[in-house]
Amino acid sequence: MKRKRAFMLFVILLWTFAGVTLIVHFNKEDEGAVVEVFGRIDCDRIQSCFSAQGTLQYDYLTGNEQVSLLEEMAKQIGITKNYEIITENEDNNRIVKLEKQSDSASVDMKIITYEVEVEDNVVQTRQYFSMDLYLYEYIEEIVVLKQEIEKVLKKSPFECNVGLEFEARFNGDLSLKEKNKLSKWYLDEIDAKIISDEKNSEIYTIYAYTDYIRDYEIVNNNAVNVNIVFNYDEENNITWFHMATPYLLGEY
């Protein structure tokens, strides 16, 4: 009980808007029901993640403007101290990122600038935004945090796609039979219908749809809002079970 109270204090301090404390709860009729089922998986470790990826819609941002924008966005979602700003330059690319770490959660926001010479002395510039917020305990709280962060992103100069991802870690290399059993149990529990899948020793991915989640994307003329992926980390002998909504935004 004390650990949960301490974690809730972290959340309250992290997610404070204009002096108003966020009441942490989630709607069991929406993503919360899907998260509850995921939390029942018997595994070695479990975590949740809010992800956003976007493209700059307005004028070019200088390095200083990128730092200022990240700090302002962090402030709007309650991060006012104990974070780190890092700038990385490599060839014609620049990454400006803001990081904050704790035992229970982490936040990584970055603006990436790509400069490509399309012809002599003509440089084309593209700028992108990405954000990953991980919760390592009480993963269901990510549902409400997603709703609040989306409000901040809508005021930014980036057009963003957002999603939730949940990860369960298993020691060892799960067999195809074990993967099938786990994915079938999970999809049955959330009343999800498989839209498409590919299952073999190299690739294991499923796209599905459930009424528990309001949002969805149209993929090949079908509504999709659940994406299941297994991947094996051979170096560390770990299998990861990913469930994302509406689908995984990044690589795995």
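Taken together, the values in this text are just the output of simple stated rules run on the coordinates, not laboratory data. Computed from a prediction, not measured in an experiment: that's the story for all the values here. Cβ atoms come from the backbone with ideal geometry, glycine included; neighbour counts cover every protein chain shown.
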- Message: Based on Cα coordinates alone, diagonalise the gyration tensor for the range 171-252, multiply each eigenvalue by 5, take square roots, and list the semi-axes in whole Å, largest first.
- Response: 23, 13, 11
- Note on the structure: Between G78 and residues 5 or more places away or on another chain, the pairs with built amide H atoms under 5 Å apart involve T16
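How many percent of the alpha carbon pairs in the chain exceed a separation of 25 Å? The partial results should precede the final answer.
Details: 15576 of 31626 pairs.
Cα-Cα pairs of the chain separated by over 25 Å account for 49 percent.
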- Which whole-Hz couplings ³J(HN,Hα) result when phi for each residue of the range 204-221 is put into the Karplus expression 6.51 cos²θ - 1.76 cosθ + 1.60, θ = phi - 60°, listed in order with x for Gly and Pro? 9, 9, 9, 10, 9, 9, 9, 6, 5, 10, 6, 6, 7, 10, 8, 10, 6, 6
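Using 0.36 nm per residue, how much length does the chain from E137 to Q124 gain when fully extended, once their Cα-Cα distance is taken away? Intermediate results must be reported in sequence, preceding the final value.
On the way: separation 13, 0.36 × 13 = 4.68 nm, distance 4.26 nm.
Taking 0.36 nm per residue and subtracting the Cα distance, the gain is 0.4 nm.
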- Given backbone amide H placed at 1.01 Å from N, residues whose amide H is under 5 Å from that of I238, ignoring those fewer than 5 places away on the same chain, are G172, D233
- Query: What list of ³J(HN,Hα) couplings, whole Hz, do you get for the range 86-92 from phi and the Karplus terms 6.51, -1.76, 1.60, once you set θ to phi - 60° and write x for glycine and proline?
  - Reply: 10, 10, 10, 10, 8, 6, 9
- Query: Ordered by residue, what ³J(HN,Hα) values in Hz, to whole numbers, does the range 45-62 give under the Karplus form 6.51 cos²θ - 1.76 cosθ + 1.60, where θ = phi - 60° and Gly and Pro are x?
  - Reply: 7, 9, 7, 10, 8, 9, 10, 9, 9, x, 10, 4, 9, 10, 5, 4, 9, 6
- What FRET efficiency comes out for the pair I41/D91, r = Cβ-Cβ distance, R0 = 51 Å, nearest 0.05? 0.75
- Message: Ranking request for peptides 152-159, 56-63: highest mean number of other beta-carbon atoms within 10 Å first, then the rest in descending order.
- Response: 152-159, 56-63
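Can you bin the range 61-109 into rounded, prolate or oblate? Criterion: square roots of the alpha carbon gyration tensor eigenvalues sorted a ≥ b ≥ c, rounded for a/c under 1.5, prolate for a/b above b/c, oblate for the rest.
Values: a/c = 3.10, a/b = 1.54, b/c = 2.00.
Judged from the Cα gyration tensor, the range 61-109 comes out oblate (a/c at least 1.5, b/c at or above a/b).
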- Item | Straight-distance crosslink candidates among lysines, where the alpha carbon sits under 20 Å from K193 and sequence neighbours closer than 8 are dropped | K28, K177, K179, K181, K184
